[in-house]
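Let me begin by presenting the structure, written as structure tokens, before commenting on it.
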Amino acid sequence: MHIMETSLIQFIFLLFVAALYLPVIFFAIQRRDEGHAFATWLVILYALIAMVINVTEAVWQNQSDEFLFVGINTYIAFTLVAVLMIALQAFSKNDIWWLWVGFWLFWGLGLALILTNALDLPDIVWTNGNFILYRSRLGPAWAILGWLILIIAMILNLANANRQTRQPLLRNRLNYWLTPIVFTLIGDVLLFSGVYILAQPLRWFTAISMAYVVGTHYVPDLKNILRQALIYILSAVAIIGFYVGVFLFIQAVFGRTPNYNPVLAGALIVLLIVMIFIPFTNFVSKTVTKWMKGDQYDASVTIHEYSQNISNILDMDRLASIAVGIMLEAMQLERGFLFLVDTERQADGKRVYKIRSARSPEERQIVAVELQEDGIIASYLTREAKPLLQYDLDLLPAFRNASVVERNWFAKLHTEVYVPIFAKKQWIGLLAFGAKLSGNRFTTADLNVLSAHANQTAVALENARLVDNLMSLNQELRSARRALERNNQELQRIDQAKSDFISIASHELRTPLTVMKGYTEMMMEDNRLDESLKTMVKKMNEGTMRLHEIMDSMFDVAQIDSRSLKPHLQPVDLGRLIHDVCVEQSKTANEREQKITIALPPLPQVKADQNLLKKMFHHLIRNAIKFTPNGGKITVIGNQIPPVINLPNGGVEITIIDTGVGVDPNLREIIFTKFYQPGELGKHSTSKSRFKGGGAGLGLALSKGIIEAHGGKIWVESPGYDEVNFPGSQFHIILPLEKLENGQSHKVSEAVKYGIKNENEVRT
């Protein structure tokens, strides 16, 4: 009866343990996407196999064939440890996990050969007289040997993975694999010893620990747990030992005295312990932390020291050095970088974050990288605005689809944590720090300190960026100025060469042109020539005169460029001079059916070079005729200007108004330069009398030089250039009046009113 009750209890217990595997399986299924999918499915497989063997053991426990059940349990133990081994390899991202699959298959093949007796082994495989190895026990022995090899291999592989892993968080997670290995070792040893009832719960603990370490991204810091436990144990042992030791000492010294009270003695010892408890526990904590290489730094002191050091720093290099260096020293970190983040807009409106190095402690250049606004990494940093761990970047499913270029750039830094820097909600910088020299992980407190560090850096970094950008801009401006100066010098050289050429050419061509002019005039007067030949000579003479006129203009321009143009000053009647010029241009105007009108009031005479002024008005009137269409109008008006600041003695203003193509407002100064021609040169006429007739492009430049040589000013006003609507233009000329002695007055010329149309002339 007692045996039956025991069996029933074991049956219920084993079924209960089997049922406990179901939450483990459900937990693993829920966490299958946590970055270790293959290892998770192996955990599920382990739990399913262990659950099945539990149910089987519950059903078979009263069967007479116990020997068969022991063998099956041995094979199952070998299978489970093989699954555990492959899961460890898959978790640690070891590419040789397939080797252990091959090992398991090899061992399984050997087991199959033994069980089927394919090797034709005798019933007694080996004996030394005292010990006999039967063929029937060779299969379990072979499985146990494989089990032992896999246990040892797991321990060695775990140690190797721990040594090769640079990430403390992953190393801490790997340390948790010791738990399922130890549970497996103890449980299977109990199983092989025949203690089934204790072995099965240990398998369940193995499955729980496997599922936890595979499916939990952030596991508690095992090193810190051990450190805290050691501190509590040592403190408790020391305090208890102190209490007992002091109590026994007092008992030995004062125990025989008549007034001795053990309760009072104990109370005094407790009071003493209370007084020394806090200093003592702090001492134990510091000692254990130092012994176990724990972190010892004061966050508040670090932040305060940093805030004092960066308060007035505007130099980017110095800021980067302090921002990185102070955390390297405080937290004892391997390396650190400060990056600047430049935001740019693409054509589609999306932002691109260009991350470039501001400092490299290893004095190596880090290639910049561009993060897309909608990229996973940039989205996380800008949205969460908190530190990002390389551990998360490597393992979290959220970063699985990140750009390969971006992932590789971060991986090549060999850093562990990235802290974004924001100013006015704009991402402006990034701090990157390597692992701790102690090998410890970054705690939540550490990340909070780094975030506060980044917040303090933000203002200083923004100011330093502004100064850095200003210095870069100044450098660019200096470079541009130097380039402009070089270009200006080159232009001056070219202009001087051009002026020299004009001077030489005009001087050298004037003499042969004069000779040609003389001979053509003589030939035109020779009555011996027939009319056709005289016509040809006349055209040659007109061409010679045209060339002579151009050479004169070129010579005058060369004189202006060399500042050697010296006006011969004498009183000039502007009204009469302008009238004479218009008379000279009347033939061309009549050919174009244009009307020239002069409406000049009585104007004071100016002291100027009459010949130069005549040339100037000649060019201006002809320019108006040339760029005014047929049937257009040209009007000359004038007025006297009273004394002003720029004209202390007053002046005379002459305005030439036309109804021509006008002048582009952006070219009002350029038209007065040498050889300038408005519009498309290919559309200009080759005739000087036709609309947009050709020319050397020297007339306006010469006019400007003549006016300025007299101390005057010339400019143009026009709504714009239009060959269809003809907005027209106004050329303004101001000539200063000479200073008079007391009592003197300027001689005033008569008013001039003049009109030309169809060769009819009216003058007063």
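None of the figures in this text is laboratory data; all of them are computed from the coordinates on show. Computed from a prediction, not measured in an experiment: that's the story for all the values here. With ideal geometry, Cβ positions are generated from the backbone for all residues, glycine too; neighbour counts draw on all protein chains shown.
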Quiz item: Ranked highest first by the average count of other Cβ atoms within 10 Å around their residues, in what order do 397-407, 148-158, 606-616 fall?
Solution: 606-616, 148-158, 397-407
Quiz item: Hey, rough spin-label estimate for Ile670 and Ile637, points 7 angstrom out along Cα→Cβ, what's it come to in nanometres?
Solution: 3.0 nm
Self-check item: Full-extension gain in nm, Glu708 to Asp317, via 0.36 nm per residue minus C-alpha separation
Solution: 135.3 nm
Quiz prompt | Simple spin-label estimate for Ile152 and Lys386 in nanometres, 7 Å along Cα-Cβ | solution = 4.7 nm
Quiz prompt | Pairs of lysine residues in the stretch 564-644 - Cα separation under 26 Å, sequence separation of 8 or more or cross-chain | solution = 17
Quiz item: With r defined as the distance between the Cβ atoms of Asn282 and Leu437 and R0 fixed at 22 Å, what FRET efficiency is calculated, to the nearest 0.05?
Solution: 0.40
Exercise. Subtracting the Cα-Cα distance from 0.36 nm times the residue separation, let me have the gained length for Leu145 to Glu329 in nm, one decimal.
Key: 61.1 nm
Practice problem: Scan the stretch 584-623 for GluC sites (Glu not before Pro) in coil per DSSP, keeping those whose Cβ has at most 13 other Cβ atoms within 10 Å, and list them by number. | Solution: Glu593
Quiz item: Which FRET efficiency, nearest 0.05, do Leu15 and Asn160 yield, Cβ-Cβ r, R0 35 Å?
Solution: 0.30
Quiz item: Taking R0 as 60 Å, what's the FRET efficiency between Ala445 and Ile197 from their Cβ-Cβ distance, rounded to 0.05?
Solution: 0.85
Quiz prompt | Nonlocal amide H pairs with Glu416, under 5 Å, H built at 1.01 Å | solution = Phe433, Gly434, Ala435
Self-check item: Inter-label distance for Arg481 and Glu723, nm, one decimal - labels placed 7 Å from Cα along Cα-to-Cβ
Solution: 4.3 nm
